[in-house]
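Everything below concerns the one structure shown next.
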Amino acid sequence: MELYLIRHGIAEEQQAGIKDEERQLTKEGRQKTEKVAQRLVKLGLQFDLIVTSPLVRARQTAEILVEVGLSSQMEESNHLAPNGHISSWLDYWLRPKNFAPNTQLAVVGHEPCLSNWAEILLWGEVKGGLVLKKAGMIGVKLPESGEPVGRSQMFWLTPPRYLL
């Protein structure tokens, strides 16, 4: 399985009166995310499913990915909310789905969770070496069988500026 970890686009700053989970993409965030998504389409990417955090900014990012044609299917997972744990996501969401080996799955979420998740899949621990920019993407190939933690391979790390 190819797992694409995608950080949400540029969102409103945290401020009094707006709950963190309700922060939306800014106009610039929408525009950049749409340009990145269109570039991914031109590169021939197609996701079997996009799974998103339930927070507004992540859901809006996932909706843009669907609108440009990167996938026709989108689901929410509470495991992708900030401070979600990869072990919970693997145990209660990914493993029970029993996806085919050639599945291309996009996950839209937040930092530092997504970088940490990538590091755990690659090295079995968080090392603090990967940084995922807003609207950026990390691609990780999970092994066909067995435990993915510490046994996966990174094949893509792209800051959005390289796709604009």
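Where a number appears in this text, it was derived from the coordinates with a stated rule and is not lab data. The structure presented is a predicted model; accordingly, all values stated were derived computationally and were not measured. Positions of Cβ are generated from backbone atoms using ideal geometry, with glycine treated the same way; all protein chains shown enter the neighbour counts.
Size of segment 60-150: Rg and Dmax of its alpha carbons, in Å, are 13.2, 35. Each label point was placed 7 Å from the Cα along the Cα-to-Cβ direction; for Q46 and E125 their separation is 4.2 nm.
At a Förster distance of 35 Å, what's the computed FRET efficiency of N102 paired with A16, Cβ-Cβ distance as r, to 0.05? Could the numbers behind the result be given before it?
On the way: r = 47 Å, r/R0 = 1.35.
Here the calculated transfer efficiency is 0.15.
Within the listed set D91, D48, D20, the Gaussian network model of the chain (springs between alpha-carbon atoms below 10 Å) gives the highest mean-square fluctuation for D91. Placing +1 on each Lys and Arg Cβ and -1 on each Asp and Glu Cβ, with no other charges, gives segment 57-144 a dipole about its Cα centre of roughly 140 debye.
Charges on Cβ only, +1 for Lys and Arg, -1 for Asp and Glu, centred on the Cα centroid of the chain; of N98, C113, Q38, which one is farthest towards the dipole's positive end? Working it through, the farthest residue towards the positive pole turns out to be Q38.
Between E75 and Q153, full extension at 0.36 nm per residue minus the direct alpha carbon distance yields a gain of 25.6 nm. Which value, in debye to the nearest 20, gives the size of the charge dipole of segment 1-126 about its Cα centre, when Lys and Arg are +1 and Asp and Glu are -1 at the Cβ? That gives segment 1-126 a dipole magnitude of about 360 debye.
With a Förster radius of 25 Å applied to the beta-carbon distance between Q24 and H85, the computed FRET efficiency rounds to 0.45. Comparing S88, S145, S115 in a Gaussian network model of the chain, where Cα atoms under 10 Å apart are tied by springs, the biggest mean-square fluctuation is seen for S145. Hey, in the GNM for the chain with a 10 angstrom Cα cutoff, which one of P143, P82, P96 fluctuates hardest? Between P143, P82, P96, it is P96 that shows the largest mean-square fluctuation. The value of relative contact order for the chain, using C-alpha pairs under 8 Å at least six residues apart, is 30 percent.
Set the Cα radius of gyration of the chain against 2.2 N^0.38 Å, with N its number of residues, and you get 0.97.
Could you pull out the pairs from K19/K134; K97/K141; K27/K97; K19/K133; K42/K127; K42/K141 whose alpha carbons sit more than 27 Å apart here?
Values: K19/K134 20 Å; K97/K141 17 Å; K27/K97 35 Å; K19/K133 22 Å; K42/K127 33 Å; K42/K141 21 Å.
Violating the 27 Å Cα-Cα cut-off are K27/K97; K42/K127.
Rounded to the nearest 5, the antiparallel percentage of DSSP beta bridges internal to the chain is 45%.
What number results when the radius of gyration of segment 25-66, computed over Cα atoms, is divided by 2.2 N^0.38 Å? Working shown, then result.
Details: Rg = 10.5 Å, N = 42, 2.2 N^0.38 = 9.1 Å.
So the Cα radius of gyration is 1.15 times the expected 2.2 N^0.38 Å.
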